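One structure below.
The values are calculated or read from the model by the stated rules, or taken from the named source; none is laboratory data. All values derive from a computational prediction rather than experimental measurement. Here Cβ is always computed from backbone atoms with ideal geometry, including for glycine, and neighbour counts include all displayed protein chains. Quick note on the areas: whole protein, heavy atoms, side chains included, nothing else; ligands and nucleic acids left out. Shrake-Rupley method; radii C 1.70, N 1.55, O 1.52, S 1.80 Å.
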Amino acid sequence: SSSSSSGPATMLAIQVNEIGDESKLTMNASAAVPRLTLTQCLVENHYAGLNFHDTYTRVGLYPMRSFPFTVGCEGGGIVKEVGDDVTEVRPGDRVVYL
């Protein structure tokens, strides 16, 4: 259930705080763990990729509504938490997302 997570409140994340070149990638050791909606799941990443979508967003080709932007829209790991309406995965499942 997505009600109250017993997991950590922060996570390690590679983020972009402004449009620019690769020097704008920063490591944030205390990024907030996202709050889930009813239809989302939280994955503890074991692998995450930095791909063209991330790069194009960082340089401004794809617009961002707000910053910071956490890179890594492809990855794999273990489901830690699920929203109330999620039926296809459950905590403990191994997943890959693209």
Practice item. Identify the single condition in (1) part of a loop (DSSP other than H, G, I, E, B); (2) of a type outside the set (A, V, I, L, M); (3) within 25 Å of Arg94 (Cα to Cα) that Pro63 does not satisfy, given that it satisfies every other one. Key: (3)
Practice item. Select, from Leu42, Leu36, Leu98, the only residue that is in contact with a strand residue (DSSP E or B) (Cβ under 7 Å, 6 or more places away or on another chain), under 30 Å from Asp21 (Cα atoms) and open to solvent by less than 70 Å² (accessible area, probe 1.4 Å). Key: Leu42
Point to revise | Residue that is farthest from Ala9 (Cα to Cα) [pool: residues in the stretch 20-44 that are hydrophobic (A, V, I, L, M, F, W, C), touching a Pro at 6+ places or on another chain (Cβ under 9 Å) and in a strand (DSSP E or B)] | key: Cys41
Practice item. Find all pairs meeting these conditions: Cβ atoms under 6 angstrom apart; at least six residues apart or on different chains; first residue within the stretch 10-29 and closer than 18 Å to Gly49 by Cα; second residue among the small types (Gly, Ala, Ser). Key: Met11/Ala31; Leu12/Ala29; Ala13/Ala31; Asn28/Ala13
Point to revise | Selection from the stretch 67-90 of residues that are modelled with pLDDT under 95, open to solvent by 30 Å² or more (accessible area, probe 1.4 Å) and part of a loop (DSSP other than H, G, I, E, B) | key: Phe67, Pro68, Cys73
Review point. Taking the stretch 45-60 on its own, how many of its residues are part of a loop (DSSP other than H, G, I, E, B) and either surrounded by 15 or more Cβ atoms within 10 Å (Cβ to Cβ) or in contact (Cβ under 8 Å) with a residue 60 or more places away in the chain (or both)?
Key: 1
